[in-house]
Amino acid sequence: MSYPYTVKLDRSRWGDLLDIIEWCNKNFGEGGHPSLGDNIWTLQTMFGHSTFSFSNPKHAEFFALRWT
């Protein structure tokens, strides 16, 4: 599956990450790390920076409106 729509969060959101993951699962369905297979959305983190990727542009827009 392709995830062309990404939203990047800086380190200031690191403390909210569990809430953000829960919100994504509730609103879009199961997601997670790209290595886990085909998901509606994926999450990658490095040094406190998080990148959420989506296959649906509307999901990326909804996410960005809520969390950025």
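General remarks:
- For segment 33-44, a tally of residues being surrounded by 14 or more Cβ atoms within 10 Å (Cβ to Cβ) and either outside any strand (DSSP E or B) or out of contact with any Ser or Thr (no Cβ under 6 Å at 6 or more places or on another chain) (or both) returns 5.
- In segment 1-32, the qualifying residues are those that are among the aromatic types (Phe, Trp, Tyr) and in a helix (DSSP H, G or I), and the one that is surrounded by the most Cβ atoms within 10 Å (Cβ to Cβ) is Phe28.
- Looking only at residues of segment 50-68 that are out of contact with any strand residue (DSSP E or B) (no Cβ under 7 Å at 6 or more places or on another chain) and over 14 Å from Met1 (Cα atoms), we find that the one that is surrounded by the most Cβ atoms within 10 Å (Cβ to Cβ) is Phe62.
- In segment 39-68, the qualifying residues are those that are hydroxyl-bearing (Ser, Thr, Tyr) and free of Cβ contacts under 8 Å to residues at least 60 places away in the same chain, and the one that is farthest from Asn27 (Cα to Cα) is Thr45.
Every number in this text was worked out from the coordinates using simple rules, so none of it is lab data. Bear in mind that the values here come from a model prediction, so they are computed numbers and not experimental data. No Cβ is skipped: glycine too gets one built from the backbone with ideal geometry, and neighbour counts run over all protein chains shown.
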